[in-house]
Structure formats: structure tokens, C-alpha cells
1. With the structure loaded, tell me whether B:Val29 is within 12 Å of DNA strand D (Cβ to nearest atom), closer than 20 Å to B:Thr153 by Cα, modelled with pLDDT of 95 or more and among the aliphatic types (A, V, I, L, M) or whether it fails that test.
2. Quickly run through the stretch A:79-120 and pick out the residues that are in a loop (DSSP other than H, G, I, E, B), within 7 Å of chain B (Cβ to nearest Cβ) and surrounded by 15 or more Cβ atoms within 10 Å (Cβ to Cβ).
3. Kindly indicate which of A:Ile41, A:Ile68 is open to solvent by less than 10 Å² (accessible area, probe 1.4 Å), within 9 Å of DNA strand D (Cβ to nearest atom) and more than 10 Å from every other protein chain (Cβ to nearest Cβ).
4. Does B:Ala115 satisfy the criteria of being of a type in the set (Gly, Ala, Ser), at pLDDT 95 or above and within 13 Å of DNA strand C (Cβ to nearest atom)?
5. Give the stretch B:55-78 a look and list any residue that's in a helix (DSSP H, G or I) and either without any contact (Cβ under 8 Å) to a residue 40 or more places away in the chain or farther than 30 Å from A:Phe15 by Cβ (or both), or say none.
6. As an exercise: evaluate A:Ser50 against (1) over 13 Å from the mean Cα position of the chain (by Cα); (2) closer than 18 Å to B:Leu108 by Cβ; (3) open to solvent by 60 Å² or more (accessible area, probe 1.4 Å) and give the number of the one condition it does not meet.
7. What tally of residues in the stretch A:121-157 results from selecting those that are open to solvent by 50 Å² or more (accessible area, probe 1.4 Å) and assigned to a helix (DSSP H, G or I)?
8. Quick one: in the stretch B:21-54, which of the residues that are charged (D, E, K, R) and in contact (Cβ under 8 Å) with a residue 60 or more places away in the chain is farthest from DNA strand C (Cβ to nearest atom)?
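The values are calculated or read from the model by the stated rules, or taken from the named source; none is laboratory data. It should be emphasised that the depicted structure is a prediction, and the values quoted were computed from it without experimental measurement. Every residue, glycine among them, receives a Cβ derived from its backbone with ideal geometry; neighbour counts consider all protein chains shown. Side chains included, ligands, DNA and RNA excluded: accessible areas come from the protein's heavy atoms. Shrake-Rupley method; radii C 1.70, N 1.55, O 1.52, S 1.80 Å.
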Protein chains: 2
Amino acid sequence: MSFVIFLANQYPDMFSKACEYGIKAMIYVATQSLKGERVKIGDIVEKVGSPEAFTAKILGDLAKNGLIESLKGPYGGFYIRPDQMESTRIIQIVSVIDGDSIFLGCGLGLSECNAQKPCPMHSKFVKIRSELKNALESTTLLELANGIKSGQTILVR
Amino acid sequence: MSFVIFLANQYPDMFSKACEYGIKAMIYVATQSLKGERVKIGDIVEKVGSPEAFTAKILGDLAKNGLIESLKGPYGGFYIRPDQMESTRIIQIVSVIDGDSIFLGCGLGLSECNAQKPCPMHSKFVKIRSELKNALESTTLLELANGIKSGQTILVR
DNA sequence: TCTATTTTCGACAATTTTATCGGAAATAGA
DNA sequence: TCTATTTCCGATAAAATTGTCGAAAATAGA
């Protein structure tokens with residue numbers, strides 16, 4: 001029998017909340033962009049289940065980095081061009097919001113950690129991190145948007 | 001050409017700082033316990049490069065969960081029994097400090113996410129998460145302590 | 001019993017992440 | 001030009017994580 005007496009943190013998911021919101025928002029905008037529709041932030045957060053102002057700020061950062069287009073005013077909103085959708089990889093979204101330490105950094109936080117001077121967990125993590133990096137690098141936004149469109153995957157719950 | 005304009009977060013490593021400190025402290029205490037020596041918190045943080053009071057608190061939580069023994073007073077300090085060292089897995093340390101959402105939770109933060117109702121990243125992550133869980137489950141504290149003892153791995157830098 | 005040592009523990013402070021608010025800027029249409 | 005709409009942006013607030021401080025509690029030895 002075994003149970004945890006104190007759980008110090010409630011945090012570490014794979015990505016930050018900001019990153020989760022950003023990925024989901026991008027996927028939703030992509031599905032609508034496939035239909036040629038621009039979407040407003042209010043529509044996005046309703047479909048994605050994320051806080052409005054926070055999500056808007058994140059999408060602003062992604063827009064500054066060229067991953068999504070935004071237009072102010074009536075009939076404005078967010079839009080992702082077809083070519084953009086096909087070329088952007090999930091790793092780009094993650095890099096903008098969370099940086100790259102989850103798939104490049106040392107698992108124990110050492111500033112230098114490599115095969116020559118490895119941390120104790122190094123050999124255990126090297127394959128996992130490269131698989132994570134590869135997964136994020138190889139999957140396109142279009143691919144994930146198509147999963148939503150076909151009803152095979154979902155964005156909330 | 002491509003560069004990130006704004007990096008929102010500076011956070012996400014694989015584990016929280018608390019967890020990194022906890023794992024490294026446990027490994028160092030284990031190496032000394034192999035020699036039959038109890039170690040004081042001041043010695044630990046010097047070898048591990050972590051803040052003293054914070055590390056003490058983390059070790060206190062691990063002690064409450066039975067992963068390490070502590071003794072107050074002169075000649076006191078932290079100690080890990082040989083049997084303890086061999087039986088405790090890294091996943092136990094991580095679970096106490098960070099919980100299990102990094103190797104059990106949904107990558108996009110959905111409360112329910114499974115093969116029937118998958119998030120868009122589900123199929124990409126299911127293998128990676130299980131490999132991470134397996135790695136943490138299969139490696140013992142003794143194994144990592146031996147890596148330090150033999151000079152094959154390091155705890156700082 | 002007294003002293004020195006060391007963990008334990010609660011309170012507090014600093015930093016980062018998450019989230020909200022209000023108004024400025026831009027845009028479309030009348 | 002005026003109005004309505006919508007993103008943009010700075011200031012601020014709330015919450016979580018990270019980190020510090022000081023004193024209490026326990027222990028060993030004199």
C-alpha cells in the first residue's frame with residue numbers, strides 16, 4: 001500500500017496553460033480557415049474553453065511570429081492561410097510560447113548535460129526527448145485541423 | 001529565416017524546480033548512504049546546487065512519504081537505507097513532488113482524453129508518455145547513485 | 001540538566017504564470 | 001466623417017511556484 005502524503009505542486013503538464021490554449025486556438029482557427037472564414041476571439045474561446053483576454057494575448061504573440069494573421073475591425077478576426085496551415089508545425093507554436101527546453105533541455109536542469117558529461121537521467125531521457133521533438137516537428141497544423149473536421153478528435157472536455 | 005519575437009514563458013522544463021532539486025538531493029544522499037554516512041542539508045545543497053531552505057522542505061515531504069529518513073540533532077541528517085535505495089523508483093519521487101500528470105495527463109489539458117475521445121495530439125503523445133512513465137518506473141535510486149559513484153554521471157553544471 | 005547541533009514548521013517574500021480590465025488603434029460600412 | 005466592431009496593448013490583479021527567515025522541537029554528548 002502506498003499513497004502520497006503531500007503533493008507539493010499541481011503544475012507540470014507537458015506544456016504550460018498558455019501553450020495548451022495557443023495550440024487549441026490555432027487548431028480551431030485552422031478548421032474555420034479551411035472554410036474560408038475569419039474567426040473572432042469570442043468564438044475561439046467559446047470553442048476552446050480558454051480565458052478570452054489571455055487567449056487573445058497569446059494569439060497576438062503567434063501573429064507577431066507570423067503563424068497566424070489578424071485583422072481589426074468589423075468582419076475582422078483571426079485567419080490562417082492554407083499554405084501557412086500546411087507549413088506550420090506544432091513545434092513552432094510550442095517554441096514561441098514555451099521555448100524549447102522541454103525537448104532540448106536537461107531533465108534535471110543542468111546547464112550543460114550531454115553524452116560526455118551526462119546528468120544521472122541523461123541516458124534515460126535522450127530517446128524520449130528526441131521522440132517528442134520529432135513528433136512536434138513532423139505534425140502540421142493542417143493535419144490536426146483535419147482531425148477536428150472529420151470528428152476524429154475533439155478540443156474540449 | 002525564422003526567429004521568435006516574444007517568448008512568453010521561461011518555465012517548462014520536464015519537471016518543476018522542486019522536483020529537479022528533490023531528485024538530485026535524493027541521489028546525493030543515496031551515494032553517501034552507500035558509505036554509511038548521514039548527510040546534513042548544508043552538505044546536500046552544496047553538492048547539488050539548490051537553495052537550502054527550499055530543498056530542506058522538499059526532503060521533508062519525501063521523508064513524510066517514506067522515501068528517505070531524517071534525524072534531528074548532532075550527528076543527525078538525512079539517510080536512505082540500502083533496501084529503500086534499491087526499491088524506490090524515480091517515479092515515486094516525481095509523483096510526490098509534481099504529481100503524475102506529466103506521464104498520465106492529456107497533452108492539451110483535456111480532463112478526459114482517450115482513444116475513444118482523443119484530443120488532436122493524443123495519438124502523437126500516447127507512446128511518448130508511456131515511454132516516459134516506463135523510464136521513471138524502471139530506474140531505481142540505487143542505479144542512479146551508482147552512476148554518480150563511478151563518476152559516469154554528474155549532479156551539477 | 002545544559003549546550004550545541006540539526007531537522008521541522010509556519011509565516012512571509014519574491015518571482016513567474018495565469019488572468020482581467022479598460023482604453024487605444026484600426027477597419028468597414030453608412 | 002461618424003459609428004460600430006474588433007484586435008492591440010499597457011496596467012493591474014490573482015494564483016502558483018520558488019525561495020527566505022526565524023524559532024520550535026528533537027537529539028547527542030558533556
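1. Values: within 12 Å of DNA strand D (Cβ to nearest atom): no; closer than 20 Å to B:Thr153 by Cα: yes; modelled with pLDDT of 95 or more: yes; among the aliphatic types (A, V, I, L, M): yes.
Taking the combined requirement at face value, the residue does not satisfy it.
2. Of everything in the stretch A:79-120, those that are in a loop (DSSP other than H, G, I, E, B), within 7 Å of chain B (Cβ to nearest Cβ) and surrounded by 15 or more Cβ atoms within 10 Å (Cβ to Cβ) turn out to be A:Gly99, A:Gly105, A:Gly107, A:Leu108, A:Gly109, A:Leu110, A:Pro118, A:Cys119, A:Pro120.
3. Working: A:Ile41 fails: open to solvent by less than 10 Å² (accessible area, probe 1.4 Å).
Within the list A:Ile41, A:Ile68, the selection yields A:Ile68.
4. no
5. Hits for the stretch B:55-78 are B:Thr55, B:Ala56, B:Lys57, B:Leu59, B:Gly60, B:Asp61, B:Ala63, B:Lys64.
6. (3)
7. 12
8. Among those that are charged (D, E, K, R) and in contact (Cβ under 8 Å) with a residue 60 or more places away in the chain, it is B:Lys24.
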